[in-house]
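The values are calculated or read from the model by the stated rules, or taken from the named source; none is laboratory data. Quick caveat: nothing in here was measured; it's all calculated off a predicted structure. As a convention, Cβ positions derive from the backbone with ideal geometry for all residues, glycine included, and neighbour counts pool all protein chains shown. With ligands, DNA and RNA removed, areas are computed over all heavy atoms of the protein, side chains included. Shrake-Rupley method; radii C 1.70, N 1.55, O 1.52, S 1.80 Å.
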Amino acid sequence: MTRRIVEILKKGQPEETITIQGWVRTKREQKGFAFIEVNDGSSMSGLQAILNADLPDYETILKNLNTGASVEVEGILAPSPGKGQRIELQASSVKVYGDADPNTYPLQKKRHSFEFLRTIAHLRSRTNTLGAVMRVRNACATAIHKFFQDKGFIWVHTPIITANDCEGAGELFTVTNLDLNNTPKKEDKSAIDFEQDFFGRRAYLTVSGQLQAEVMAMAFQNVYTFGPTFRAENSNTSRHLAEFWMVEPEMAFCDIVGDRDLAEEFLKYIFKYVLETCPEDMEFFNKRIDNSVLATADNIINNEFERISYTEAIDLLVKSNKKFEFPVEWGLDLQSEHERYLAEELFKKPVIVTDYPVGIKAFYMRLNDDNKTVAAMDVLAPKIGEIIGGSQREERLDVLETRMKDLDIPPEELWWYLDLRRYGTVPHAGFGLGFERVVQFMTGMANIRDVIPFPRAPLSAEF
RNA sequence: UCCUCGGUAGCUCAGCGGUAGAGCGGUCGGCUGUUAACCGAUUGGUCGUAGGUUCGAAUCCCACCCGGGGAGCCA
């Protein structure tokens, strides 16, 4: 492997002979010589190389060295007399691997709209912005693993195909290998007979690894999942994807307070890690995408998150005297506009809301002693809303069974989940973090489809 | 799925009943150190699709398709 440009820009010394490989970002021809900027994806900045006309095949090489061409440049590093870079590469030999016809190559040396870049998702990672996004995304993922591994959590791989359609987290994609032009029918011809399908029952893409993570937490105490999840909702927003990555820690012997504190520590850790490892990319986002991202990161890292109960949140919303489109009333769920008021206007930092009414939350959340609320928590972040949703789980078999009955969830579907309460049950808690939303929050990118390489959304799965 | 705005050159947009435009890009030429280089010339179109109104439609009307923003659902 040749040296990466990120390292050369930091540590490269004059007189060193080096070889770089990458893609041409710009070519600036002069009389008798030319500049090219080569980027290899290792950093925002590329390395400037100078090609003198006395290079063998200079004319041919220059003609093929257009934006997008792949190239290997060998030469000697020298201090750069021009402004904008410390060092530059004086090329002694240049090899063009593949040219890029400027008549058809869609990326220009100028700003493109993100809408256009989504139509060329196979090329957009070569742009400054998407390059920075993907490096920050990588740093976020690394931070997540480091955080949990340093605390002794076990990374567990929960299934992507599941047979439970009762997890209550939205519409599911069906997984089948039946012949869709000739599906087997049940005896009364009313419906498809999934007993003849691959798994002998209807199967789905997972919407959450939580239930299986609970299984694993009952053996390893502290675990986390980190993988793709799927929702077949017809959601057309800048905050939703049909395929997204989710992080779900689950802790045995833990209550809602421990859960809440971990969520805050976790978010702070990620932000700190990314600021330390991707300073150049973060500067770019602050300058070109959203001039508040560095201040926001600073705010996250250095301030305590606000902690309020759902009941207090309702009081604050009523007292605000603001005109909301949706009603504010105890028992109704908080709407986007309410969440935004709390996080953006009132507290101007993340807010953790706990103890929601039992009627608006999932069956597995632990019933509080007031019998009216459950030990749920949402972390609301300025600009993007709910970034984390979690809860203490109901560990009491009888209470859980009653809740499932109230919600018409057949217990035989989740017999194994109920078994966890029969054998060695323990208070436990966890949360789910939408990975792309963290990357969005971190970078200031307005649309979630621009923080994942190949976004999956309604009518969108081309690449 | 609902509300709303939009779809005109490769890209970003102007034109909004009367001969299809600009900037950028591409191409050609110029320039001894450029930084999304610069200067000059030049190239480039089924005006989203299908109907309708009109002497005449990119422009007005209708339907559909696609995209942005917002909402719902949620992470």
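Just a few scattered comments:
- Criterion: within 15 Å of RNA strand B (Cβ to nearest atom) and not aliphatic (A, V, I, L, M) - qualifying residue of A:Glu16, A:Glu29: A:Glu29
- Test: residue in the stretch A:353-369 that is without any contact (Cβ under 8 Å) to a residue 24 or more places away in the chain, out of contact with any Phe, Trp or Tyr (no Cβ under 8 Å at 6 or more places or on another chain), in the same structural domain as A:Met246 (by TED's automatic domain parsing) and open to solvent by 40 Å² or more (accessible area, probe 1.4 Å): yes
- Of the residues screened, A:Gly432 is one that is modelled with pLDDT of 95 or more and within 29 Å of A:Ala242 (Cα to Cα).
- In summary, A:Val207 fulfils each of the numbered conditions (1) within 9 Å of RNA strand B (Cβ to nearest atom); (2) over 12 Å from A:Pro159 (Cα atoms); (3) modelled with pLDDT under 95 with the single exception of condition (2).
- Subset tally (residues that are over 23 Å from A:Phe431 (Cβ atoms) and of a type in the set (Val, Ile, Thr)) for the stretch A:121-179: 7
- Residue match in the stretch A:88-103 (condition: under 24 Å from A:Glu280 (Cβ atoms), open to solvent by 20 Å² or more (accessible area, probe 1.4 Å) and without any contact (Cβ under 8 Å) to a residue 12 or more places away in the chain): no
- Screening the stretch A:403-446 for residues that are closer than 30 Å to A:Glu283 by Cα and among the aliphatic types (A, V, I, L, M) and picking the one that is most open to solvent (accessible area, probe 1.4 Å) gives A:Ala446.
- Residues considered: A:Gly22, A:Gly41. Of these, the only one that is part of a loop (DSSP other than H, G, I, E, B), outside the structural domain of A:Met134 (by TED's automatic domain parsing), closer than 28 Å to A:Ala132 by Cα and of a type outside the set (Phe, Trp, Tyr) is A:Gly41.
- Within the stretch A:1-19, the residues that satisfy the criterion of being part of a loop (DSSP other than H, G, I, E, B) and exposed (fewer than 12 other Cβ atoms within 10 Å of the Cβ) are A:Met1, A:Gln13, A:Glu15.
- Scanning the stretch A:240-250 for residues that are crowded, with 20+ Cβ neighbours inside 10 Å and of a type in the set (D, E, K, R), we see that the one that is nearest to RNA strand B (Cβ to nearest atom) is A:Glu248.
- If you go through the stretch A:90-128 and keep only what is in contact with a strand residue (DSSP E or B) (Cβ under 7 Å, 6 or more places away or on another chain), near RNA strand B (Cβ under 10 Å from one of its atoms) and of a type outside the set (Lys, Arg), you end up with just A:Gln90.
- Among the residues of the stretch A:177-220, the ones that are more than 30 Å from A:Pro249 (Cα to Cα) and without any contact (Cβ under 8 Å) to a residue 12 or more places away in the chain come to 15 in all.
- Subset tally (residues that are part of a strand (DSSP E or B) and touching a helix residue (DSSP H, G or I) at 6+ places or on another chain (Cβ under 8 Å)) for the stretch A:426-459: 7
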